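Single-structure report; data block below.
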Amino acid sequence: MKEPISHFYEAAGFDPSLIRRYALGEKFAGIMLADGRIGICAVLDAHPDESILKNRKKPDILNHDHRVVLNAYYNALYNYSADLPRNSDILNRVNLRNFSNIVIVGYFESLVRKLRNEGILFRVFDKDENIEGEGIFPLNELYDALKEADAVIITGSTIANNTFCDLTGKTQTGCSIFLLGPSNILHPDMFMYNNIKVIFGSVFEKYEDRILDMIAAGHGAKDFLNDNNKVCLNHHSFKLL
């Protein structure tokens, strides 16, 4: 199966005429469709390219700048397709104490703090070498750790930067992968990828212009996300708390 952006591009294409407005900020890209649905994607080290929005330029699937925009578009297109449980934080939907070898790809500060407070052991890998502390491991040990893990928590931004399949493909049979972050595409096809069990993402009220205004002003997720925006989609074989 092709990686997610390629898969959804083949399935749904990309039609800028469906877009009511967009915002390309320092930390996030946001898309609002004509019917008010909103999708977002973390920018990180990309520079979102509005040429595919304004000039109807054909997207380059391998271009990270284009992929961020496409990710936000599919986020808006699909994240409203089901009635998903709100207030969905991984710690109140998944019992991580059931796992003995947890690997976290991408440094989630609040999650790391909560796991430490709960006494749950984990290993964190992040490309930022300045991150230090208990449970932080060097990136060159990541692939070996993935092969040993029985639970892996991966940031949704790996979809846009095209490292998603490389990471999930390193996990072994029986591992449970949890996708975390507002960039995630909440579509059942995501469960066709190796070991995906729960996808945590975001849904906003339709026509909530405030979200795109804040994105355009350079705000991050902590400024515009609240518990009511946080939802999740689980594989039928995985029971949520």
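The values are calculated or read from the model by the stated rules, or taken from the named source; none is laboratory data. None of the values given here were measured: they were computed from a predicted structure. All Cβ positions, glycine included, derive from the backbone under ideal geometry; neighbour counts span all protein chains shown.
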Residues within the stretch 93-137 that are surrounded by 14 or more Cβ atoms within 10 Å (Cβ to Cβ) and outside any loop (DSSP other than H, G, I, E, B), tallied: 15
Scanning the stretch 216-241 residue by residue, those within 25 Å of Pro4 (Cβ to Cβ), touching a Leu at 6+ places or on another chain (Cβ under 8 Å) and not polar (S, T, N, Q) turn out to be Val231, Cys232, Leu233
When Ile185 is evaluated against the numbered criteria (1) touching a Pro at 6+ places or on another chain (Cβ under 8 Å); (2) in a helix (DSSP H, G or I), which criterion, by number, is the only one it fails? (2)
Just one of Asn161, Asn140 is without any contact (Cβ under 8 Å) to a residue 24 or more places away in the chain and surrounded by fewer than 22 Cβ atoms within 10 Å (Cβ to Cβ); which is it? Asn140
So Ser88 clears everything in (1) closer than 17 Å to Met190 by Cβ; (2) assigned to a helix (DSSP H, G or I); (3) of a type in the set (S, T, N, Q) except one condition, right? Which one? (2)
Selection count, the stretch 20-47, where residues are of a type in the set (A, V, I, L, M, F, W, C), in contact (Cβ under 8 Å) with a residue 60 or more places away in the chain, surrounded by 20 or more Cβ atoms within 10 Å (Cβ to Cβ) and part of a loop (DSSP other than H, G, I, E, B): 1
Which one is surrounded by the fewest Cβ atoms within 10 Å (Cβ to Cβ), of the residues in the stretch 196-213 that are in contact (Cβ under 8 Å) with a residue 60 or more places away in the chain and among the aliphatic types (A, V, I, L, M)? Val198
Taking Asp45, is it modelled with pLDDT of 95 or more and in the same structural domain as Phe8 (by TED's automatic domain parsing)? no
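Residue-by-condition table, conditions (1) more than 20 Å from the chain's Cα centre (by Cα); (2) at pLDDT 95 or above:
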{"residue": "Leu111", "(1), (2)": "no, no"}
{"residue": "Arg123", "(1), (2)": "no, yes"}
{"residue": "Lys127", "(1), (2)": "no, no"}
{"residue": "Glu132", "(1), (2)": "yes, no"}
{"residue": "Glu141", "(1), (2)": "yes, yes"}
{"residue": "Thr171", "(1), (2)": "no, yes"}
{"residue": "Leu186", "(1), (2)": "no, yes"}
{"residue": "Met192", "(1), (2)": "no, yes"}
Name every residue in the stretch 48-71 that is within 19 Å of the chain's Cα centre (by Cα) and without any contact (Cβ under 8 Å) to a residue 60 or more places away in the chain, in order of residue number. Pro48, Ile61, Asn63, Asp65, His66, Val69
